[in-house]
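Reading through the structure tokens given below for one structure.
The values are calculated or read from the model by the stated rules, or taken from the named source; none is laboratory data. None of these values were measured; they are calculated from a predicted model. Glycine also receives a Cβ, built like all others from the backbone with ideal geometry; neighbour counts cover every protein chain displayed.
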Amino acid sequence: MKILTNICSDNLNESTRFYVELLGFKIKYDSDWYVQLCSPEDSEIEYGIIQRDHELVPKSYQQLPNGMYVTFVVTDVDKIYEKAVQQGLPIIQEPKNEFYGQRRFLTKDPSGCLIDISSPF
């Protein structure tokens with residue numbers, strides 16, 4: 001089994017740039033309605049971005065995300081945090097050590113998805 005997470009976006013270019021510049025994702029497929037990214041370390045780890053108002057997205061799911069977030073586990077959360085600050089990204093929570101053994105910060109991608117960037121400490 002393989003799992004592919006897809007998020008909806010109002011601006012594919014802006015959302016793609018967010019993941020490529022902040023997390024180093026590579027573009028695997030690019031069209032005017034869908035972009036498929038992959039991890040720089042493993043091309044089998046994929047992340048898709050679909051145009052929010054595309055016909056494949058049911059109308060009732062074309063609103064901003066709510067009640068979910070996507071976590072990316074990285075080697076050095078503080079390094080990614082500094083990149084996020086330099087890029088002027090919205091910081092929802094600054095880096096902090098959590099009780100469950102992760103250091104994390106929260107940001108928001110251009111399509112409104114809450115993004116959790118974390119590293120084991």
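Values as computed for the structure displayed
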item	result
Identity of the residue in the stretch 29-47, within 21 Å of I80 (Cβ to Cβ) and touching a residue at least 12 places away in the same chain (Cβ under 8 Å), that ends up farthest from the chain's Cα centre (by Cα)	S43
Test: residue in the stretch 27-36 that is among the acidic types (D, E), out of contact with any Ser or Thr (no Cβ under 7 Å at 6 or more places or on another chain) and at pLDDT 95 or above	yes
Residues located in the stretch 54-85, provided they are under 22 Å from V20 (Cα atoms) and over 17 Å from the mean Cα position of the chain (by Cα)	none
Enumeration of residues in the stretch 1-19 that are farther than 14 Å from I115 by Cβ, hydrophobic (A, V, I, L, M, F, W, C) and part of a helix (DSSP H, G or I)	L12
Cβ pairs under 7 Å, 6+ apart, first in the stretch 50-69 and without any contact (Cβ under 8 Å) to a residue 24 or more places away in the chain and over 16 Å from T5 (Cα atoms), second surrounded by 10 or more Cβ atoms within 10 Å (Cβ to Cβ) and of a type in the set (V, I, T)	none
Test: F72 is among the aromatic types (F, W, Y), in a strand (DSSP E or B) and surrounded by 11 or more Cβ atoms within 10 Å (Cβ to Cβ)	yes
Residue within the stretch 82-91 that is without any contact (Cβ under 8 Å) to a residue 24 or more places away in the chain and in a strand (DSSP E or B) present	yes
Candidate set: the stretch 1-22, residues that are out of contact with any Leu (no Cβ under 9 Å at 6 or more places or on another chain), hydrophobic (A, V, I, L, M, F, W, C) and closer than 26 Å to G88 by Cα; chosen: the one surrounded by the fewest Cβ atoms within 10 Å (Cβ to Cβ)	I7
Scope the stretch 31-59; condition outside any loop (DSSP other than H, G, I, E, B) and surrounded by 13 or more Cβ atoms within 10 Å (Cβ to Cβ); matching residues	Y34, V35, Q36, L37, C38, E46, Y47, G48, I49, I50, Q51
